[in-house]
Structures are given as structure tokens and as C-alpha cells.
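Below is one structure; the comments refer to it alone.
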Amino acid sequence: MTENEGVRLQKVLAEAGIGSRRHCEELIAAGRVTVDGETIGWFGTRVDPEKAVIHVDGKRVQTRSDMRYYAVNKPRGVVSTMSDPEGRRSLADYVGDVPERLFHVGRLDTETEGLILLTNDGELSHRLTHPKYGVSKTYLADVSGPIPRDLGRRLRAGVRLDDGWTKADEFRVVQQLGKRALVEVTLHEGRKHIVRRLLAEAGHPVRQLARTEFGPIKLAQLRPGTIRALTQREIGELYAAVGL
């Protein structure tokens, strides 16, 4: 690429939502921006936003115009696919008029609600679901109570299931009332029905289950059946979580 080709780096950063052009110039001057692994300190640097790999403070900035990243709050009864031969509601029903072909990052079983990610970024999706990268997921479960005081210790130590051992990374009781309890479980495995099987084996069958976090992305106030685009910061945090 010649000196006159491409787009000035500060403009690319500003259009990606990092801040005003002046703020982006300050980031460049402070040595906080890298392009293809090289620290940039010159305002006149031009890049191809469709090809350059840009990081700010070590977090990747997605500048490709064709890339899409969404969070969906999947309701119960919806299948975690982009279509369903049986005619059931699927994730495609919540995408709207997004022209790009999206695919889901992992799955939730039909009766589990909550956070699921959609993207057309194949490499990121692969890494987010690969056991090697150990991306954590957090769930809120309505279970049978009462909860013994040592349950968290037992789940963190590990429970044997019919297809091998599994364990929770974190566990806490959110609320307890008589024979029902609301608990939060964090783990990084992705085996089928893993949270339901883990809690059932520990003696606390799940009545309702919702995923509230996927790595750095939180469900927060996203209503069931709605979708939102991830922020540039969230995209950067996802990349950082899997070493991109």
C-alpha cells in the first residue's frame, strides 16, 4: 500500500467507535495503538480497515465493515439454531433484517433461556467454543432446596457424571426460600445439559435455567426475545478472552 492509499488510522479508530478523532490521535501519540503487531506513533499512518489487525491498549478493534456481533436473550421454547425443519421458533426469528448470514456461538437447550451470541466471525466463534480457551459461562438456576452449606465446595471439587468428571468454577446461593433456591453457577465446559446434570447429580434438580454471562458479555437488562449489537469494547474483550 502506498502512502496515499488506505485511510488515516485516527479516522479508522474514530469510525470504529473508539472516540473522537482528537482522542484517537492522543492514543496514537501515547503509543497505545498497534497495527499488525507494530506500535504506531505517527498520525499520518494509513491502513486498510478491511485487512489491518488493530489493537488499542492490547484489545483488538474490529474495523471490518462486514463483521457483525450480537447478543440475544433467547426465550424458553426457542431452539438454538438459525432455522428449524420442524417449524419451531429459532434464533433467526430475532435477527430482523440483518443482511449477513449469522451463526450461533454454542447452544442453549430449548428449555434454557438467556444469553447467546450471534456472529459471522468464524475464527472468534471457533475459539469461544473450543475447550482450549476455557471461556466461562454463568447460569442462574431455580433448583430444589434447601441448599447445604457444603454444596459449593462439593461442586468446585468435582462431580462424576456418566461421561466423566465436571466441576463448577464458582458457585453461590442467590436466594433461598423453603424447598426452593436460586443459585448461580459458573463453569467453562460446554457439554450437553452440563449445568442441569451437574446440579441434578448433586441432588438439586433444576426447575428453570438461564445463562446470564458468556465470557465478558453480560445479559444485564436485555429483555427476553430481544437482540442488541455488541459494543466495540465488548468485541475487544471477547477477542482478548481467546487471545486474538
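Would you call L209 within 17 Å of R107 (Cβ to Cβ) and either at pLDDT 95 or above or assigned to a loop (DSSP other than H, G, I, E, B) (or both)?
So L209 passes the test.
Could you check how many residues of segment 213-238 are touching a residue at least 60 places away in the same chain (Cβ under 8 Å) and under 10 Å from the mean Cα position of the chain (by Cα)?
Adding up the residues that qualify gives 11.
Give the residues of segment 29-50 that are under 24 Å from R101 (Cβ atoms), surrounded by fewer than 16 Cβ atoms within 10 Å (Cβ to Cβ) and touching a Lys or Arg at 6+ places or on another chain (Cβ under 8 Å), sorted by residue number.
Within segment 29-50, E50 is the sole residue that qualifies.
Inside segment 116-134, can you point out the residues that are touching a Gly at 6+ places or on another chain (Cβ under 8 Å) and either crowded, with 20+ Cβ neighbours inside 10 Å or of a type in the set (S, T, Y) (or both)?
I116, L117, L128, T129, Y133
Identify the residue in segment 1-56 that is among the hydrophobic types (A, V, I, L, M, F, W, C) and assigned to a strand (DSSP E or B) and, among all such residues, is farthest from I235 (Cα to Cα).
Looking at residues that are among the hydrophobic types (A, V, I, L, M, F, W, C) and assigned to a strand (DSSP E or B), I get V7.
Give segment 52-92 a look and list any residue that's surrounded by 17 or more Cβ atoms within 10 Å (Cβ to Cβ) and more than 22 Å from T129 (Cα to Cα), or say none.
Within segment 52-92, A52, I54, H55, V56, T63 qualify.
List the pairs whose first member sits in segment 147-176 and is without any contact (Cβ under 8 Å) to a residue 40 or more places away in the chain and within 15 Å of E189 (Cα to Cα), whose second member is small (G, A, S) and in a strand (DSSP E or B), and whose Cβ atoms are under 6 Å apart, counting only residues at least 6 apart or on separate chains?
Qualifying pairs under 6 Å: none.
Within segment 114-123, is even one residue in contact with a strand residue (DSSP E or B) (Cβ under 6 Å, 6 or more places away or on another chain), part of a strand (DSSP E or B) and of a type in the set (G, A, S)?
The answer is yes; a qualifying residue exists.
Any residue that is over 20 Å from R223 (Cβ atoms) and in contact (Cβ under 8 Å) with a residue 40 or more places away in the chain - is there at least one of those in segment 69-82?
no
From the list E25, E113, pick out the single residue that is under 18 Å from the mean Cα position of the chain (by Cα), of a type in the set (D, E) and surrounded by 16 or more Cβ atoms within 10 Å (Cβ to Cβ).
On the way: E25 fails: under 18 Å from the mean Cα position of the chain (by Cα).
None of the other options fit; the residue is E113.
Given (1) more than 22 Å from V242 (Cβ to Cβ); (2) under 21 Å from the mean Cα position of the chain (by Cα); (3) of a type in the set (K, R), identify the lone condition not met by K11.
So the condition that K11 fails would be (2).
Restricting to segment 132-167, and then to whatever is in a loop (DSSP other than H, G, I, E, B) and under 21 Å from V105 (Cβ atoms), can you tell me which residue is farthest from the chain's Cα centre (by Cα)?
G134
How many residues, within segment 83-105, are small (G, A, S), in contact (Cβ under 8 Å) with a residue 12 or more places away in the chain and not in a strand (DSSP E or B)?
Residues flagged as small (G, A, S), in contact (Cβ under 8 Å) with a residue 12 or more places away in the chain and not in a strand (DSSP E or B) within segment 83-105 amount to 1.
When only residues in segment 177-201 that are without any contact (Cβ under 8 Å) to a residue 40 or more places away in the chain, of a type outside the set (K, R) and part of a strand (DSSP E or B) count, which is surrounded by the fewest Cβ atoms within 10 Å (Cβ to Cβ)?
Among residues in segment 177-201 that are without any contact (Cβ under 8 Å) to a residue 40 or more places away in the chain, of a type outside the set (K, R) and part of a strand (DSSP E or B), the one surrounded by the fewest Cβ atoms within 10 Å (Cβ to Cβ) is L177.
The values are calculated or read from the model by the stated rules, or taken from the named source; none is laboratory data. Here the structure is a predicted model, which is why all the values come from computation and not from measurement. Cβ coordinates were reconstructed from backbone atoms using ideal geometry, including for glycine residues, and neighbour counts include every protein chain displayed.
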